Amino acid sequence: MTAELAPVPGRKDSAGRLTSRRTADRIAFRLAVPPVSGVVRPRLVAVCLVLAVVAFLAFCVETAVGDIPLSLTEVMRSLVGAGDPGTELIVHELRLPRSLAGLLVGIAFGVSGALLQAMTHNPLASPDMMGITQGAGTAVVAGIVLGWDGGLSTQALGLLGALTAALLVYALAWKRGTTGYRIVLVGVGVAWICTSVTDYLMARGQRFQAQAALGWLVGNLNGRTWQQIGPLAVTMAVLVPVALLLGRLMRTLELGDDVARGLGTRVQSVRVAVLVVAVGLVAFGTATAGPVAFVALAAPHVAQRLAGLSFPPPVAAGLTGAVMVLVSDLVARRLIPDTELPVGIVTGVLGAPVLLWLLVRANRAGSGG
């Protein structure tokens, strides 16, 4: 987040408003009217602006690449409705859904991973390490292979599966409350259960069904349509602002449960709220593009180190996730001539070293077991 609410002393100006107080890495401010206080981190703001520019450029390049190559100027003119009819048809109907899917899925996965890592205080916490992504995948594969969709869309099946997995993790981790460590540990077990069920369904399904499910399970942006983009966009318009509003309460959780309770934070309620928001984002993202591997795990760490913070910033993590997905899809489309690989293959290859680095780092810090 670029700003976090906190009471900060200051001096009143002639209008009765409290002025800011600046340190080396932050600018604290407090206003009397309206009664708002906060901390602005210049480095974090700069990182978010740079990532936003890089994400926009990657988005434009992704839209320009195809059987009929377009220039960036043509793409930008078409985005604002100033292109010729042929170019606008290619951009708006054929390529824009795919590019938007990569952008939105990357943001959803990045924000979800940042929320879960901040909530659990565990650098390995992410939807694909805690069974949430696998739960969504199992539900969608069951709908494809067994015909259990009951008329539900892929988004609805993904949300149902992710919520079921998250509730199961939370229930099994409950013991007079929950802790981040127990949530992650139980989540790993639930993830393997869901993976085993998915493998069984794949083995049981017919060849056409198995191929359709496999193409979705890898994580794929091919053939995205506006019908798939709409539910994800609406979900993010609702849940991303909620995630940012939860940021202040999550900062208190970093002080420990007892201190957070002393400050008036309802620890378990905050954890449930964070879990619901994270599950909603990853469920609709997974339903749109499949479980794109390692984005939710790696993006928060990259954003945290770019911003120089002790916690993963959700906005920067979301923008980092968007850059990762868009760039990975460009690599997947150009790595092998005349072949478009699923984007999940590239993110998996890039993300596996990040996971190994995190495990090594945890062991060196004495927290790896």
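Below are the figures for this structure:
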quantity: Within region 295-325, tally of residues that are part of a loop (DSSP other than H, G, I, E, B) and over 25 Å from Leu253 (Cβ atoms); calculated: 0
quantity: Given (1) modelled with pLDDT of 85 or more; (2) in a loop (DSSP other than H, G, I, E, B); (3) surrounded by fewer than 23 Cβ atoms within 10 Å (Cβ to Cβ), index of the condition Arg77 fails; calculated: (2)
quantity: Ala52 out of contact with any Phe, Trp or Tyr (no Cβ under 7 Å at 6 or more places or on another chain), closer than 30 Å to Ala316 by Cβ and surrounded by fewer than 17 Cβ atoms within 10 Å (Cβ to Cβ); calculated: yes
quantity: Sole exception among (1) within 17 Å of Pro123 (Cβ to Cβ); (2) surrounded by 17 or more Cβ atoms within 10 Å (Cβ to Cβ) for Gly308, by number; calculated: (2)
quantity: Looking only at region 108-145, and only at residues there that are among the hydrophobic types (A, V, I, L, M, F, W, C) and more than 15 Å from the chain's Cα centre (by Cα), the one that is most open to solvent (accessible area, probe 1.4 Å); calculated: Ile144
quantity: Hits in region 311-351 - residues which are in contact (Cβ under 8 Å) with a residue 12 or more places away in the chain, β-branched (Val, Ile, Thr), farther than 20 Å from Ala278 by Cα and open to solvent by 30 Å² or more (accessible area, probe 1.4 Å); calculated: Val327, Val331, Ile345
quantity: Hey, Val276 modelled with pLDDT of 90 or more and within 29 Å of Leu249 (Cα to Cα) or not; calculated: no
quantity: Filter pass, Tyr181 being open to solvent by 30 Å² or more (accessible area, probe 1.4 Å), more than 25 Å from Leu214 (Cα to Cα) and part of a helix (DSSP H, G or I); calculated: yes
quantity: Inter-residue pairs, beta-carbon under 9 Å, first farther than 13 Å from Ala142 by Cβ and modelled with pLDDT of 85 or more and in region 195-211, second in a helix (DSSP H, G or I) and open to solvent by less than 60 Å² (accessible area, probe 1.4 Å), 6+ apart; calculated: Thr195/Gln134; Thr195/Gly137; Thr195/Thr138
quantity: Region 266-305, subset among the polar types (S, T, N, Q) and over 21 Å from Ala139 (Cβ atoms), residue most open to solvent (accessible area, probe 1.4 Å); calculated: Ser269
quantity: Given (1) of a type outside the set (Lys, Arg); (2) open to solvent by 10 Å² or more (accessible area, probe 1.4 Å); (3) part of a helix (DSSP H, G or I), number of the condition Gly66 does not satisfy; calculated: (3)
quantity: So Gly187, is it modelled with pLDDT of 85 or more, more than 24 Å from Leu253 (Cα to Cα) and assigned to a helix (DSSP H, G or I); calculated: no
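The values are calculated or read from the model by the stated rules, or taken from the named source; none is laboratory data. Keep in mind that what you see is a predicted model, and the values were worked out from it rather than measured. Note: ideal-geometry Cβ built from the backbone for every residue, glycine included; neighbour counts use all protein chains shown. Side chains are part of the model used for accessible areas, which takes the heavy atoms of the whole protein and leaves out ligands, DNA and RNA. Shrake-Rupley method; radii C 1.70, N 1.55, O 1.52, S 1.80 Å.
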